[in-house]
Amino acid sequence: MVQDQIVGMLICEDWNFTSSLKEILLAQEAAIATEIILAAFRISAIERQTELLILSNQVAAQLSAKISIESVGYTQQAAHDLSFPAWQQAILRQSASQAEQLWVNILTRDS
C-alpha cells in the first residue's frame, strides 16, 4: 500500500443526532480490517456529536461475512425498541416497518 493515498471511503448519512453507514468503498488492493473501518465510522460520528450509529442492511451484510457485528458493540433493534423518537425516525428512514431490525450502536451510554 502506498502511504498518503486514499484507499477507501465511508458513505454516511447524518440525521437528527444519528449517523448511518450506507456504503463502504475500498480500493481493490486495500486490505483494511473491518474493525478499523467501524472504528473510523465511530470516531467520525462522535466528532459530529452523534448519539446513535446505524449500519445499513447492505453494509451489515458486507461486514457480517468478515466479523461478528455484535463483537464490536452493535445490537439488532427495531424502531419500536428505541426510546427516543428521533432514533425511531432514523431507523424508519431505512427500514420497511416498525418491526424490521437494523444493527445499531448507542453511543450515549459509553462515549
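Derivation of every value follows stated rules applied to the coordinates shown; laboratory data play no part. Computed from a predicted model, the values in this text were never measured in an experiment. Here the Cβ is made from the backbone with ideal geometry for all residues, glycine too, and neighbour counts use every protein chain on show.
Gaussian network model of the chain, Cα springs within a sub-10 Å range: biggest mean-square fluctuation belongs to which of 62, 28, 89?
It is 28.
Taking springs between alpha-carbon atoms closer than 10 angstrom, which of 91, 54, 24 fluctuates most in the Gaussian network model of the chain?
Comparing 91, 54, 24 in the GNM, the peak value goes to 24.
Starting at the first residue of the range 82-90, write each ³J(HN,Hα) from the Karplus equation 6.51 cos²θ - 1.76 cosθ + 1.60 with θ = phi - 60°, in whole Hz, x for Gly and Pro.
Once rounded to whole Hz, the list reads 8, 7, 8, x, 5, 5, 4, 5, 4.
Select from 60, 78, 99 the residue whose mean-square fluctuation is largest in a Gaussian network model of the chain (Cα-Cα springs shorter than 10 Å).
For the chain, modelled as a Gaussian network with Cα springs under 10 Å, the answer is 99.
Provide, as a two-decimal number, the C-alpha radius of gyration of the chain over 2.2 N^0.38 Å, N being how many residues it has.
Working: Rg = 14.1 Å, N = 111, 2.2 N^0.38 = 13.2 Å.
Computed over Cα atoms of the chain, the ratio equals 1.07.
Label-point separation (nm) for residue 76 and residue 6, each offset 7 Å from Cα along Cα-to-Cβ?
Calculated label separation equals 3.4 nm.
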